[in-house]
1. Within the range 197-241, work out how many residues are of a type in the set (Val, Ile, Thr) and in contact with a helix residue (DSSP H, G or I) (Cβ under 8 Å, 6 or more places away or on another chain).
2. Considering only residues that are surrounded by fewer than 17 Cβ atoms within 10 Å (Cβ to Cβ) and not in a strand (DSSP E or B), look in the range 21-45 and name the one that is nearest to the chain's Cα centre (by Cα).
3. In the range 215-252, how many are among the aliphatic types (A, V, I, L, M) and surrounded by fewer than 17 Cβ atoms within 10 Å (Cβ to Cβ)?
4. Being of a type in the set (D, E, K, R) and at pLDDT 95 or above is the filter here; which residues of the range 221-245 pass it?
5. Kindly indicate the residue of the range 133-171 that is farther than 27 Å from Ala120 by Cα and not in a helix (DSSP H, G or I) and also modelled with the lowest pLDDT among those meeting that condition.
6. Could we say that Leu112 is of a type outside the set (S, T, N, Q), farther than 21 Å from Asp203 by Cα and either modelled with pLDDT of 95 or more or assigned to a loop (DSSP other than H, G, I, E, B) (or both) here?
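The values are calculated or read from the model by the stated rules, or taken from the named source; none is laboratory data. Please read all numbers here as calculations on a predicted model, not as lab measurements. Glycine also receives a Cβ, built like all others from the backbone with ideal geometry; neighbour counts cover every protein chain displayed.
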Amino acid sequence: MTTYKIEAGTAQHIGNRPQQNDRVALLTGARAPGYVLALLSDGVAGPGGADQVLHTARQVFDEFKPGDRPSLERLGRLLQDIVSETHLVIKMNAVMGAAGGQAEAHASFVGLLLSPHGDAVWGHVGDSRLYRFRDGKCMARTSDATYVDHLVSSDRLPEEAAKNHRKSKLLLNLLGNSRKEPFLTLGSHTGLAPGDVFLLASDGLWHFFTDAELAAATSKATPRQASEMLINKAGERSQGKGGNCSMVIVKLVKPAQDGLAGKVARVV
């Protein structure tokens, strides 16, 4: 058992949009005691795609049987299964909904899986981000660099065209895109300890902050305090014109002297 306590929370603000299309969740597995799955999905053309991400993730995670100590690759396959199954369901729903003139649903994906052995594995599809902070410094964050390399190598695209992929629906990296399979980029970290913080953020949040600002905000406050401050500041910086703003904060702290190591404290 690891010697830290998990303090985690989710927060959302609708921004100036007519509805909230983002979805966030903190899950524990029915057959995986001590494991925690944090999720964030930004729905495009409505919340349907993001809703499906959470629904599929709950099903896949509840069926997950980790065994004694699964490898990082095995943990990564869990995230890949969530992405693949969600993408398939969204595409099937799109075929059935096409006759009724429904818009094709899309969604980004960010998932973080923590094990009771001090391992963390994360993956992302689309423009939502995951950050890993350590003692107030940004140690890692997701980006499109790996996806751009994938476009260059697998699709034989010129590098400059790949870098401009956001401008083309054909190259858009999202779950539910009927023109393109989603490309999941994975990352990992071992030896988790008090002082480690993870932030999952939609583009309605991270767009308004530097990495250093996010690191400082999440390290010096509880998840609830940090999320309130970040949402308020994002609203100020967007001058009331920001979109949906959502986040999940997972913070590892020293356990109290009551045997609560590894326990999740949810703050919503």
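1. Qualifying residue count for the region: 3.
2. Residue satisfying both the conditions and the ranking: Ala45.
3. Summing the residues that are among the aliphatic types (A, V, I, L, M) and surrounded by fewer than 17 Cβ atoms within 10 Å (Cβ to Cβ) in the range 215-252 gives 2.
4. Of everything in the range 221-245, those that are of a type in the set (D, E, K, R) and at pLDDT 95 or above turn out to be Arg224, Glu228, Lys233, Glu236, Arg237.
5. Step by step, filter the range 133-171, then rank; the result is Ser168.
6. Criteria not met by Leu112.
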